[in-house]
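Below is one structure, written out as structure tokens; comments come after it.
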Amino acid sequence: MIIVMRHDATSAQVAAVVAQVQAHGMRTHLSDGDERTVIGVIGTNPFALRDLFIEAPGVAEVVPITKPFKLSNREFRSRDTRIKVNSHEVGGDRIWIVAGPCSVDNEELYLESCRLVQAAGAHALRGGVFKPRTSPYSFQGLRAGGVEILREARRQTGLPLVCEVLAPADIDTLAELADVLQIGARNMQNFALLSEVGRLRKPVLLKRGMSATIEEWLLSAEYILSQGNYQVILCERGIRTFETYTRNTLDLNAIPLIKELSHLPIIVDPSHGTGRRSLVTAMALAGIAAGAHGLMVEVHAQPEVALSDGAQSLTPQAFRQLVEQVDAVAAALQRPVGVS
Ligand code: PEP
Ligand code: MN
């Protein structure tokens, strides 16, 4: 439920309503708009108490939120959430591009890949050290042994790092180093992990589970937001369908739909969304045309020797061309172009 205050409500009236809500054992979330303050109320069946609030001084209206996701709901906050990652505001008009190898495997090639994606225009680096692999016999990442390589990549490029956490125990290893913590598709409904990153005050990139509905995905975001961490970036990375020529089916519907339903930023991962290098650029452009706030793209200096996801990794040259084409699409959409 949201309580919309009158445009001339005083801060004392807002505080009195907040206190009254909390006295009933419910939680509040304040959203100060340009026009008026909106108080979000979270609790079991808050609308049953509607009559208590409708007459309170300064209240304009009391509106139920019928969808199960609340804090991520556009009705809760009409303006887009913008999340600062170094100098970039993710969720604004400028496209945010995260690029780099799937995993940190070989130090020299990882650092080379990072320098090359930076030169091509990436705003942030990716690279997993804890890898969620379908088979226990596949390369699992360098784990804590990869951390110094990530640190060196950031030192050489100055770019922020987006890094996946697989388990609550990884958070300590990564939280001081990574600028954005990634929750992978396979962990989208790992509620213990979601609550744990919800307790941090740093951006979280939440990938869509491969079989998750949009509503389940937003409810997962809700686990993070409801712990007080409002810095959630959603990432569409493809869902499972009957199609076998591609690894996943990139659900482009999700982009404009999420923008309708939620105020959170959404980016697209065309690498996992297709599983095939030859399709990545086309789907990256489609994602931007559909309104995504950014991209996450796997790029490797030598994809043929990558220890994970080489088949979907672009060469640095191909990535450079992708960035140029993204710029052209951005210009057509009257969004800012260029990497600076
Ligand atoms: C990844 O980003 O390398 C990854 C494992 O992605 P996903 O969780 O989307 O499969
Ligand atoms: Mn990968």
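The values are calculated or read from the model by the stated rules, or taken from the named source; none is laboratory data. These numbers come from a predicted model, not from an experiment. Methodologically, a virtual Cβ is constructed for each residue, glycine included, from the backbone with ideal geometry; neighbour enumeration extends over all protein chains shown. Quick note on the areas: whole protein, heavy atoms, side chains included, nothing else; ligands and nucleic acids left out. Shrake-Rupley method; radii C 1.70, N 1.55, O 1.52, S 1.80 Å.
Things worth noting here:
- What the Cβ-Cβ distance of Thr246 and Phe191 gives, at R0 = 22 Å and to the nearest 0.05, is a FRET efficiency of 0.15.
- Dividing the summed -39500 (n - 2.57) terms of all DSSP H runs of n ≥ 4 by the residue count of the chain sets its mean residue ellipticity at 222 nm at -10000 deg cm²/dmol.
- Estimated FRET transfer efficiency (Ile54, Arg155; beta-carbon r; R0 51 Å; 0.05): 0.35
- 10 Å beta-carbon shell around Asn187, net charge (K/R +1, D/E -1): +1
- Environment charge of Leu71, counting only residues whose C-beta is closer than 13 Å and scoring Lys/Arg +1, Asp/Glu -1: +3
- Placing unit charges on the Cβ atoms only, positive for Lys and Arg and negative for Asp and Glu, gives the stretch 2-63 a dipole magnitude near 220 debye about its Cα centre.
- q = 0.09, 0.10 Å⁻¹, the chain: log10 I(q)/I(0) [Debye, one scatterer per Cα]: -0.50, -0.60
- The chain, accessible area per residue, ligands and nucleic acids excluded (1.4 Å, Å²): 43 Å²
- Just so you know, the averaged projected area of the alpha carbon convex hull for the stretch 232-340 sits at 7.6 nm².
- Shown is the FRET efficiency for Gln20 and Glu216, computed with R0 = 35 Å from the Cβ-Cβ distance and rounded to the nearest 0.05: 0.60.
- Separation of alpha-carbon centers, the stretch 76-131 and the stretch 261-340, rounded to whole Å: 11 Å
- Looking at the stretch 83-332 alone, DSSP beta bridges between its own residues are antiparallel in about 15 percent of cases.
- Modelled spin-label separation between Gln321 and Ala12, with each label point placed 7 Å from Cα along the Cα-to-Cβ direction: 6.8 nm.
- With loop membership from DSSP and a limit of 15 other Cβ atoms within 10 Å, the longest segment of the chain without chymotrypsin sites (Phe, Trp or Tyr not before Pro) is 1-136.
- Sites excluded, GluC sites (Glu not before Pro) in DSSP loops with at most 13 other C-beta within 10 Å, longest stretch of the chain: 56-175
- Across the chain, C-alpha contacts under 8 Å between residues 6 or more apart give a mean separation that, scaled by the residue count, equals a relative contact order of 16 percent.
- Charge tally in the Cβ shell below 12 Å around Gly310, where Lys, Arg are +1 and Asp, Glu are -1, Gly310 excluded: -2
- In the stretch 196-273, the trypsin sites (Lys or Arg not before Pro) that fall in loop regions by DSSP, at most 16 other Cβ within 10 Å: Arg199, Arg201, Arg240
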